[in-house]
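Visitor: I have a structure here, written as C-alpha cells, and I will follow up with some questions on it.
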Amino acid sequence: MQCWGLQAVSDKWDVLRGQRVYVDLWISFASHMASVYQRLGGSSVYEVNLRQYTEGGDILSFRSHLPRLADMGVGILWFMPMTPISNVGRKGALGSYYACSDYEAVNPAFGTLDDFRQLVAAAQSLGMQVILDWVANHTGLDHRWTKEHPSFYKRNDGGEFYDSNGWDDVIDLDYSHPGLRQQMIQSMRFWIEATGIDGFRCDMAMLTPLDFWQEARRALDPERRLIWLAELDPLDHPSYMQVFDAAYTWRWMKAATECRHTGPVLTDRLYALLEHYRAHALWKYRPAWFTSNHDENSWNGTEYEKFGPMAEALAVLSCLWPGIPLLYSGQEIPNRQRLAFFDKDTLDWTASPALHTFYQRLLLLRRHHPAFDNEMVERVAAGAADLVFCFQRRQADSRILVILNFSAEDLPGLHLPDTRLHGSWKDLFSDRLEDPSAGICLPAWGYSVLVRP
C-alpha cells in the first residue's frame with residue numbers, strides 16, 4: 001500500500017473531472033485503501049513452522065510461545081498448512097505440508113480442530129491475527145477428492161492425474177470445473193467458521209487462475225473481511241494484485257543477495273527497485289519484505305548463508321521500509337541451520353532468543369510511531385553514498401531516520417549533509433542521543449535507527 005502525492009491525485013482528477021464513473025472509482029479505491037491499511041497498518045507477519053517449532057511439533061506445544069511472540073510485537077501469525085499429509089508419494093518420514101489429503105481436517109500429528117480453534121482464540125486475545133496457508137493449485141496423490149471427485153483433477157494423455165511443475169508428490173487441480181471452485185471455497189469457509197482465522201496466505205498463488213481468487217474473495221469477504229497474502233511477486237504477476245492485500249518480493253531478495261556478493265555498486269539499483277515496488281503498489285497492496293521463509297531456509301540457505309553479516313541490516317530495512325515485514329520461525333534465536341523439510345528437525349529454544357529485543361524494538365516502532373501512519377519514504381543523502389543506504393519516514397515533525405552500511409568498510413564519521421537532520425535524535429537500540437548532522441559512526445555492515453518523537 002503506497003501513498004499518492006497530491007500532484008498525482010490532482011492530475012488524475014483533472015483527467016477524469018466531470019465523468020460520473022470517477023466518483024464510483026474513487027470511493028471504491030479509497031474504501032479499499034482504508035480497508036487494507038486498517039487490517040495491515042503497522043503490522044508484521046510471522047511464519048510458524050509448527051512441525052519444527054517444538055520437540056512435540058504440535059499445537060499444544062506451540063501455545064506456550066504465544067505470549068513471547070506477542071511481546072516481540074508480532075501482528076499476524078501465518079501457520080503453514082494444518083491439513084493432513086498424503087501417504088502415497090510421501091517424501092521423507094513426515095512428507096510435505098503442501099501435499100494435502102483432506103482440506104477440511106487437521107493433521108493428527110498437530111492435534112485436533114478444537115486445539116487449533118483454541119490456539120487461534122488465544123492468539124487473538126493477545127492482539128495477534130492468524131492466517132492459514134492455503135494450497136489451492138494441487139493436492140497430495142491420495143487426497144479424498146481423487147476418489148470422491150476425480151473430475152476435479154487435470155489428466156494427461158494417458159488419463160492419469162499429473163503435476164505440471166515437476167513435483168512428484170502432488171497432482172494439479174482443474175479450475176475449469178465449476179464444482180471444484182465451489183468446493184474449494186466451501187473448504188476455505190470451513191476454516192473461517194470452525195476456527196475463526198483472519199485470512200489466508202495463498203501458496204504459489206499465480207498457479208491458480210486469477211478469476212478463482214476473485215470469486216473466493218467475493219464469496220468470503222462479505223462474511224468476514226479477511227487478510228489475503230500471496231506467494232508471488234507483484235512485479236511479475238501484476239494482475240493478481242486486483243485480489244491480494246500483500247505479496248512477496250522475490251526480485252528484491254535476489255537483488256539484495258547480489259548486493260552482498262558484488263558490493264556497493266548495486267546500492268542505487270536497490271533504491272530503484274524499492275521505488276519500483278512503491279510506484280507499482282500505489283496504495284493497492286503492501287509488498288512483503290523478508291530475508292527468510294520455509295522455502296528459502298530449507299532449499300537456498302539461512303539468511304546468514306545468503307547475506308552473511310549483512311543479514312541484520314536487511315532485517316532492519318525489511319521492518320522499516322513501507323510495506324510489511326515477513327519473519328520466519330526461529331529468526332529471533334537466531335537460527336543458523338537449514339531445517340529439514342520432510343523430516344523432524346527441531347528449533348533450539350534452550351537459550352533466550354538473542355534477537356528478541358532487536359525485533360521487538362523494530363516491530364513495536366513500526367506499530368506505534370506516527371511516522372508509520374502513512375507510506376511515505378524519503379531518500380537521504382549521505383557521505384560514502386555508494387556504501388550507504390539511508391532514508392527517513394515522517395509524519396509532521398515525527399521522524400524515523402534509518403542508516404545502513406551496505407559494505408565491509410567501517411565508516412567512523414559518516415556525514416549527512418541535510419540540515420533538516422540537525423538536532424537530538426534517540427538511537428532505537430542503544431537509547432543514546434545522537435545528532436546525525438554531526439556525523440554517525442557505523443561498523444562494517446552496521447546500522448543505525450534514529451527516532452525523533
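Visitor: Which of (1) at pLDDT 95 or above; (2) among the small types (G, A, S); (3) not assigned by TED's automatic domain parsing to the domain that holds Y285 is the odd one out, the single condition G75 does not satisfy?
Guide: (3)
Let's see how each residue does on (1) closer than 30 Å to A122 by Cβ; (2) surrounded by 17 or more Cβ atoms within 10 Å (Cβ to Cβ):
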site	(1), (2)
K147	no, no
Y175	no, yes
A205	yes, yes
T208	no, yes
A219	yes, no
L232	no, yes
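Visitor: So which of W349, W299 ends up being surrounded by fewer than 15 Cβ atoms within 10 Å (Cβ to Cβ) and out of contact with any helix residue (DSSP H, G or I) (no Cβ under 7 Å at 6 or more places or on another chain)?
Guide: Criteria check complete, one pass: W299.
Visitor: Out of curiosity, is C441 surrounded by 21 or more Cβ atoms within 10 Å (Cβ to Cβ) and touching a strand residue (DSSP E or B) at 6+ places or on another chain (Cβ under 8 Å)?
Guide: no
Visitor: Further question on the same structure: Which condition from (1) without any contact (Cβ under 8 Å) to a residue 40 or more places away in the chain; (2) within 17 Å of V449 (Cα to Cα) is the one that L317 breaks?
Guide: (1)
Visitor: Being surrounded by fewer than 22 Cβ atoms within 10 Å (Cβ to Cβ) and touching a residue at least 40 places away in the same chain (Cβ under 8 Å): is that true of G308 here?
Guide: In short, yes.
Visitor: Which residue out of I185, I197 is among the hydrophobic types (A, V, I, L, M, F, W, C), outside any loop (DSSP other than H, G, I, E, B) and under 26 Å from the mean Cα position of the chain (by Cα)?
Guide: Going through I185, I197 in turn, the sole match is I185.
Visitor: Determine the pairs where a residue that is over 16 Å from N137 (Cβ atoms), located within the range 76-102, has a partner that is of a type in the set (K, R) and surrounded by fewer than 23 Cβ atoms within 10 Å (Cβ to Cβ) with Cβ atoms under 8 Å apart, the partner being 6 or more residues away or on another chain.
Guide: Listed by first residue and then by second, the contacts come to A93/K344; L94/K344; D102/R144.
Visitor: Restricting the search to the range 297-341, which residues are in a loop (DSSP other than H, G, I, E, B) and among the acidic types (D, E)?
Guide: E332, the sole residue that qualifies.
Visitor: Could you list, in sequence order, the residues of the range 149-173 that are in contact with a helix residue (DSSP H, G or I) (Cβ under 8 Å, 6 or more places away or on another chain), in a loop (DSSP other than H, G, I, E, B) and either surrounded by 14 or more Cβ atoms within 10 Å (Cβ to Cβ) or among the aromatic types (F, W, Y) (or both)?
Guide: Scanning the range 149-173 gives a single hit, H149.
Visitor: Pairs under 9 Å by beta carbon, first residue on the phi < 0 side of the Ramachandran plot in the range 175-190, partner among the hydroxyl-bearing types (S, T, Y) and assigned to a helix (DSSP H, G or I), six or more apart or different chains?
Guide: The qualifying pairs are H177/S151; G179/S151; L180/S151.
The values are calculated or read from the model by the stated rules, or taken from the named source; none is laboratory data. This is a predicted model, so every value here is computed, not measured. Neighbour counts are summed over all protein chains in view; Cβ atoms, including those assigned to glycine, are modelled from backbone coordinates with ideal geometry.
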